[in-house]
Structure formats: structure tokens, C-alpha cells
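Trainee: Can you keep this structure in mind? I'll have questions shortly.
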Amino acid sequence: MSMTKNPPKTDVKSTPFHLDKQAIRAAAAKIDEGAVTEGYRGNREEVIAMLNDALATELLCVMRYKRHYYTAKGLEIEAIKGEFLQHAQEEQSHADQIAERIVQLNGEPDFNPKTIAERSHAQYDESADIKDMIRANLVEERVAIEAYRQMIERIGDDDPTTKHMLIQIMAQEEEHADDMSDLLGL
């Protein structure tokens, strides 16, 4: 049995890595640009617009979960109400993260109450029945997951900070959907 040697691997990056200190100093000099440096490859206007729609979605989700928390009635629903409240708080945290990122990108977060429902990917719900509330929340969590998946795909590697934030938010939305699915017994 003959043994063949694997050819030696050639390192594409054969030269040692050195930071471009001139580019670093140039970035440091442009303080009016805030967190956005010349190395930012994303389409800032498009990313800010996407994030403002995501902000509207999160704010609407806070309102939907809060409404469900306060209006759910019946015996043995305290645990479900607790889930609604926890999810409302987590959705508010997502909204805060998104608003902060918009500002980092030199944009302005849009909290205009007149346009939140129009810009939101999710819908509001006024169900009175607990199962309908849970079902509505599951549907809207699935909407948010798909919206974030599409945003992440669009952003790609051009804006790693925004992409990373959206991946973290999407993971929590997946947990929310799983919670609602469990409550429905699906």
C-alpha cells in the first residue's frame, strides 16, 4: 500500500498582518461621523430605513403584548400573563437596541405614533380569548422572524454590527415563537 503525501498547503495570506495605521488615524480625525468610519460598506440610508421599520414592529409588538397582559382574564392564566409581560419587556429592549443603532448610523429613530402601524411588519391584536391572543402572538413572532431573516440576508457582511444585533434579536423572537407554540400545545 503506497502512501501519498498531501501537497503542502500554500497560505494565501502569506504576508504577516499589519494594521493600516494611516487609515486608523484618518478614521479618528473624522469625529463628526460618529461611529461610522470609511470602512463601513453598508448602504446607510437603506439600513436606517429597514431599522426604522423594525423599530415600528417592535413598538407595535410591545403594545400588543401589553394589551394581552392587561386584558387576559380567567382562572389559571397568571403564567400566560407573565409570558406576555416578559415578551413585552424583551420587545421593548429590541426597540431600544434598534433605536440606538439607528443613531450610531447617524440616522434618526422614527417613533411617530401616526405611522407605527403602517411601517410595522407585525399587526396589532385585540383578541379577548386567551387562545386567540396566544395564536396572534405566535403569528406575529413568525412574521418578525422572517422579516429579520430577510434583513440579515440583505445586509450580508456589509454591516457586521447591525447584522449581529439582528441575529441576536431574531434568536429571541424564535424563543418567543417557541413559547407561544408551547402555550398552544402545538
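Trainee: Could you pull out the longest piece of the chain with no exposed loop trypsin sites (Lys or Arg not before Pro) in it, calling a site exposed if DSSP puts it outside H, G, I, E, B and it has at most 12 other Cβ atoms within 10 Å?
Mentor: Result for the longest clean stretch: 115-186.
Trainee: What accessible surface, in Å², does a 1.4 Å probe find on GLU174, ignoring ligands, DNA and RNA and rounding to the nearest 10?
Mentor: Approximately 90 Å² of GLU174 is accessible to the 1.4 Å probe.
Trainee: If I compute solvent accessible area with a 1.4 Å probe over the protein chains, what percent of it on the chain is carbon and sulfur?
Mentor: Solvent-exposed carbon and sulfur of the chain make up 53 percent of the total.
Trainee: Could you report the accessible area of VAL143 in Å², rounded to 10, computed with a 1.4 Å probe on the protein chains as they sit in the structure?
Mentor: Counting only protein heavy atoms, VAL143 exposes about 50 Å² to solvent.
Trainee: Extension gain HIS164-VAL139, at 0.36 nm per residue separation less the Cα-Cα distance, in nm?
Mentor: 6.6 nm
Trainee: So for region 27-186, averaging the separation of alpha carbon pairs under 8 Å that are six or more residues apart and normalising by length, what relative contact order in percent results?
Mentor: Reported relative contact order: 28 percent.
Trainee: Can you give the accessible area per residue of the chain, in Å², using a 1.4 Å probe? Walk me through the numbers on the way to the answer.
Mentor: Values: 12010 Å² over 186 residues.
Dividing the accessible area of the chain by its residue count gives 65 Å².
Trainee: Fully extended, how many nm does the chain gain between ARG44 and GLN92 (0.36 nm per residue separation, minus their Cα-Cα distance)?
Mentor: Length gained between ARG44 and GLN92: 14.9 nm.
The values are calculated or read from the model by the stated rules, or taken from the named source; none is laboratory data. This is a predicted model, so every value here is computed, not measured. A quick note on method: Cβ atoms are made from the backbone with ideal geometry, for glycine too, and the neighbour counts reach across all protein chains shown. All accessible areas refer to the heavy atoms of the entire protein, side chains included, with ligands and DNA or RNA removed. Shrake-Rupley method; radii C 1.70, N 1.55, O 1.52, S 1.80 Å.
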